[in-house]
1. How many nm is it between the label spots at residue 177 and residue 208, if each spot is 7 Å from the Cα in line with the beta carbon?
2. Rounded to whole Å and sorted largest first, what semi-axes of the equivalent ellipsoid does the C-alpha gyration tensor of the stretch 292-355 yield via the square root of 5 times each eigenvalue?
3. First check a/c for the stretch 174-276, with a ≥ b ≥ c the square roots of the eigenvalues of its C-alpha gyration tensor; if it is under 1.5, answer rounded, and if not, answer prolate when a/b is larger than b/c or oblate otherwise.
4. What is the stretch 177-231 by shape, rounded, prolate or oblate, if you read a ≥ b ≥ c off the alpha carbon gyration tensor as root eigenvalues and call it rounded for a/c under 1.5, prolate for a/b larger than b/c, and oblate otherwise?
5. For a test of the definition: using alpha carbon positions, the gyration tensor, and the 1.5 limit on a/c, classify the stretch 169-352 as rounded, prolate or oblate.
6. So between residue 23 and residue 3, what do we pick up on full extension, going 0.36 nm a residue minus the alpha carbon distance?
7. With the contact rule set at Cα under 8 Å and sequence spacing of 6 or more, what percent relative contact order holds for the stretch 169-352?
8. Suppose R0 equals 41 Å; then what is the FRET efficiency for residue 189 and residue 309 from their Cβ-Cβ distance, rounded to the nearest 0.05?
Ligand code: MD3
Ligand code: FE
């Protein structure tokens, strides 16, 4: 935390220090009933304060209650306050700074003078968050050093849909190399919809079947119509990433047999649709975003449901399963930009169990 105070290694020793100063009471658990609220506050009840606090949600949002989101605010000198809503699920824990948090300066974390006007104070700022399902399955934590700057690492978009921010970054170089190799064998092409329109998104595939469209309809085809040959095999780094992402979102044993590779140039878009050409809707779909950022439109079970907008950046992975599997979704026209590795384009990999 970059502060001068030193804390004992063991809790009882810290408690002794607190008790000696007359601080003998513990912080209560909050049980909220319908209509109750807990105003923005800081849990500062004496001279001795441990700098980190953990909040654990014990009830099931959507099942046991609705509303009641966990809100964190940060007050910054000479800047607007920032507010962040943390969508906790049952069993999730948030570790946050009780009062002050270290802020990354231009060179390093600020040193520990917390009276300094330059120091930011916050009602609460998340240091680390982990998803309970992720914890139990993988015995590892999703660590976000700074929620406000990095945003949440794991976000539940809806029942069954999980956004895993930056999940693909550890294998980005391998992915980009494989894409280059695949595209040399099965080039991107702009396919024609059954209605006769040329899609603005250019596509290719790898795996045992590829998604294609032409005047006769949409389908999965084991052969690339452009070459008459089978699609290139799915590279192990692709299949492995899809399996790991699905497991992290709670879908164990996902074994993709098809990967649709979409290329968006500035202006390219994908209008609201459902993915319903797959044989088995119980398997999730895993999507990996690379290159320029895009705005993902994420609607409901009906085309007329107003879609949410979700920004997707390089390395983000989204897993869609359960009730989210059949939602209407699309991509807003890609904005102009330049990505360090991919230049003026976005590439999206969609992994499916097609056959
Ligand atoms: C939600 N691709 O190829 S990926 C598609 O970014 C497609 O290229 C978009 O939609 C893209 O069909 C969006 C996210 C995605 C993919 C499949 C889904 C979201 C989904 C299937 C069901 C629900
Ligand atoms: Fe789709």
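Values in this text are rule-based calculations from the coordinates and carry no lab data. Since this is a predicted model, take the numbers as computed values, not measurements. Backbone-built Cβ (ideal geometry, glycine too); neighbour counts: all protein chains shown.
1. The modelled label-to-label distance comes out at 2.7 nm.
2. Working: eigenvalues 114, 48, 15 Å².
Those come to 24, 16, 9 Å.
3. Note, shape of the stretch 174-276 comes out prolate.
4. oblate
5. Details: a/c = 1.07, a/b = 1.05, b/c = 1.02.
It is rounded, given that a/c, with a ≥ b ≥ c, falls under 1.5.
6. Values: separation 20, 0.36 × 20 = 7.20 nm, distance 2.13 nm.
Additional length available on full extension: 5.1 nm.
7. Numbers: 408 pairs, mean separation 41.0, N = 184.
With pairs under 8 Å counted, the relative contact order is 22 percent.
8. Details: r = 29 Å, r/R0 = 0.70.
Efficiency computed from Cβ-Cβ geometry: 0.90.
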